[in-house]
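Input: a single structure, listed below in C-alpha cells.
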Amino acid sequence: MKVEDTYLDQAKPVLLAFFFSVFLTKIFQKPRTTVPHDAKEPPFISSHMPFIGHGIPFLQDFSKLMQKLRSKHGPIFTIHIFGQRQHFITSYTDIQKIWRHPNFDFKEFAYKAESHFSGMESPQELKRTKIGAHTLAQYAHTMRGSQELEQLAIRFENALKDAVNSHHVKTDEFVEVDLRQFCSTLIFHAAGKSLFGNVWLENVNVEKAIEQYTLFENDAPGIAGGLPQFLTRKGCRARDYLAKHVLLPIVKDGCENGGHTYIIEYLKQLKAAYKNDPNGDLKIASRLAGLLFAIMTNTMNTLFWAVAEVIESDEFLKSDLEQELQNVDEANFTSYLECKKHMPLLNSIIIETFRLHADPNSFRIAEQDCIVKNMTGGDYFFREGDMVFLLSTYDQLKVVKEDRDVFDGRRWLESTRDGNLNSKLLPIPSNQVLAPFGGGKHLCPGRFFALLEMHLVISYCLKKYEFQKIDGQNIPSKAVELSAPINAPKSDMKVLFRCKK
C-alpha cells in the first residue's frame with residue numbers, strides 16, 4: 001500500500017540540502033586567514049540578502065540555481081547560504097585539479113558520516129577502532145584483477161539466478177510492475193548474496209526487509225549528512241530494523257558460509273576491535289548500514305535508468321541489442337571479460353546511461369591553506385577547512401555537441417568497438433569527460449565490482465525478461481541534487497513485463 005507523503009516528507013529535500021551544507025561547514029570551518037598576494041579567492045557572488053544569501057533558491061531548486069550562476073559567472077564561484085560560505089566548482093578540468101591536489105581530503109567527514117549511519121557511536125569512538133572507509137578501500141582494491149573479476153562474475157550470476165528462482169516474480173503473461181521496485185528487489189537479493197554469502201536474507205522476511213531498505217535509502221543522505229533525527233525518523237527506524245534483523249546475523253556468522261574474502265577479512269578486523277564490547281556485534285551491524293547503502297542504491301538506480309531507456313528506445317536498437325546478447329550466449333564464452341568485449345552495444349548503453357543519469361557530485365575538504373594553480377580564472381586560494389563542492393554533471397562529455405539531453409544508446413559504439421579501449425574500466429578515450437566513480441585519490445574503490453554488476457544484471461534482465469511501455473508512463477524527469485550524486489527517479493514508472501519464452 002502506498003502511503004501519501006506528508007508535508008514533512010515533501011520538505012525533506014529542502015531541509016536536507018540546508019542541514020547537509022551547514023553540518024559540513026561547521027565541522028571544518030576555521031578562522032579566516034589572509035589571502036596570499038599571488039592568488040585570489042573564488043569569486044564571491046552576492047545576493048544582497050544578509051545572512052540568507054542564496055539560501056532560498058538553493059533550497060527551492062538547487063539545479064536551476066547552479067545552472068544560472070554557472071552561465072552568468074563562470075564555472076567557479078562562492079555563495080552565501082544562510083550565513084555559510086560555500087565554494088562550487090563546475091568545470092571538469094578544474095575539478096580534476098582539486099581531485100589531484102594533495103591538500104584536499106574527506107577523512108574527517110567519512111568518520112562522521114559513518115557515525116551518523118551507525119547511530120550508536122561517536123566519530124571519536126569509531127576512530128579508536130582504527131577501522132573505517134579506508135579499510136574497505138584497501139580490500140576493494142583487490143577486486144580489480146582479471147581472476148578476481150571472474151570470480152565475482154560467477155558469484156554475482158549465481159546470486160542473480162537464485163534471486164529470480166527464490167524471490168522474484170516469474171510469469172509467462174504480462175504483468176504490471178513498478179520498474180524501480182522490480183530493480184530494487186533483484187539487486188537487494190543478488191548484490192547482498194554475492195558479497196555476504198548464503199547467510200544473506202536467511203530466515204528473514206524478505207518483503208519486509210526490502211520495504212525497510214527503501215525507507216532507509218530515502219533518508220540515507222540526510223542521515224549521513226547529520227540531518228536532525230526527527231526529520232529522518234523513518235530512515236533511522238528502518239536502519240535499526242536492518243541492523244538487527246538483516247545485518248546482525250551476517251556479523252554473527254562472519255560470512256564464513258560463502259561470503260566474499262574481503263568482507264570476511266573486514267568483519268574479522270571489526271570483531272577484533274569490539275571483542276571486549278558486550279554490544280560489539282550490534283555496533284558492527286549498525287556500521288554496515290553505510291556499506292549496504294553504497295553497494296545497493298547506485299546499482300538499483302543504474303539498472304532502472306538503463307532498462308527504462310531501452311524500453312523507450314526505437315525498435316531497431318532493441319532488436320540489435322537482443323541479437324548481440326543472443327550471439328554472446330551462443331558463443332559460449334568462458335569469461336566475463338570476453339563477454340564484455342563482444343557486447344559493444346550494451347557497453348555503449350551503459351556509458352550513455354552514466355552520461356545522462358549519473359550525477360557524480362563529490363566534495364573535498366581543504367586540510368590546510370593552499371593554492372590551486374592554473375584554474376579557470378587564475379590561481380585560487382583555499383583556507384584550511386574550506387568545503388568545496390565539485391559538480392561535474394554540468395560540464396561533462398564535451399564531445400557531445402547535439403542532443404545532449406537525449407538518450408542515444410549507440411552514441412559510444414565507435415569507442416566500445418575499439419579493442420584497444422575495451423580493457424579499460426569504461427571503454428572511452430581518457431580525454432573525454434565521464435566520472436561516474438569520482439576521481440583523484442578517492443576514486444571509488446569498488447568501481448570494478450560496480451561496473452561488473454551493471455553489465456551482468458542489465459544483460460541478464462534484457463535476456464530473461466520482455467518489457468513493454470504502458471501508455472502515459474514516461475521516464476521520470478532528471479533532478480540534480482547536492483545530496484544525491486547518483487540521480488534517483490523522482491516518480492514511479494510502471495511497465496509491463498514477462499519472462500521470455
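The values are calculated or read from the model by the stated rules, or taken from the named source; none is laboratory data. What you are looking at is a predicted structure, and each value in this text was computed from that prediction instead of being measured. All Cβ positions, glycine included, derive from the backbone under ideal geometry; neighbour counts span all protein chains shown.
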Checklist entry - Looking only at segment 245-303, which residues are of a type outside the set (A, V, I, L, M), more than 22 Å from L152 (Cβ to Cβ) and within 26 Å of the chain's Cα centre (by Cα)? => result H245, P249, K283, S286, R287
Next on the checklist: Take the residues in segment 237-279 that are among the β-branched types (V, I, T) and surrounded by 15 or more Cβ atoms within 10 Å (Cβ to Cβ); name whichever of them is farthest from A289 (Cα to Cα).
Outcome noted: I264
Checklist entry - Checking L231 against (1) under 15 Å from G290 (Cα atoms); (2) more than 21 Å from the chain's Cα centre (by Cα); (3) buried (at least 16 other Cβ atoms within 10 Å of the Cβ), which single condition isn't satisfied? => result (1)
Checklist outcome for this item: Per the filter on segment 172-230, residues among the small types (G, A, S) and within 28 Å of I154 (Cα to Cα) are S184, A190, A191, G192, S194, G197, A209
Next on the checklist: Of all residues being out of contact with any Phe, Trp or Tyr (no Cβ under 8 Å at 6 or more places or on another chain), modelled with pLDDT of 75 or more and more than 30 Å from H116 (Cα to Cα) in segment 39-62, which is surrounded by the most Cβ atoms within 10 Å (Cβ to Cβ)? Just the residue, please.
Outcome noted: S47
Checklist entry - In this structure, is N420 of a type in the set (S, T, N, Q), at pLDDT 70 or above and within 21 Å of F448 (Cα to Cα)? => result yes
Item to check | Criterion violated by K30 - all others in (1) under 30 Å from A137 (Cβ atoms); (2) modelled with pLDDT under 75; (3) in a helix (DSSP H, G or I); (4) out of contact with any Leu (no Cβ under 7 Å at 6 or more places or on another chain) satisfied | outcome: (3)
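If a residue must be of a type in the set (D, E, K, R), surrounded by fewer than 19 Cβ atoms within 10 Å (Cβ to Cβ) and either in a strand (DSSP E or B) or in contact (Cβ under 8 Å) with a residue 60 or more places away in the chain (or both), how many such residues does segment 71-95 contain?
Of the residues in that region, 1 qualify.
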Checklist outcome for this item: When (1) modelled with pLDDT of 85 or more; (2) surrounded by fewer than 17 Cβ atoms within 10 Å (Cβ to Cβ) are applied to S118, the one that fails is (2)
Next on the checklist: Being under 30 Å from Y460 (Cβ atoms) and touching a helix residue (DSSP H, G or I) at 6+ places or on another chain (Cβ under 9 Å): is that true of E352 here?
Outcome noted: yes
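Taking the conditions exactly as written (buried (at least 21 other Cβ atoms within 10 Å of the Cβ) and either free of Cβ contacts under 8 Å to residues at least 12 places away in the same chain or farther than 20 Å from C499 by Cβ (or both)), does K193 satisfy them or not?
Criteria met by K193.
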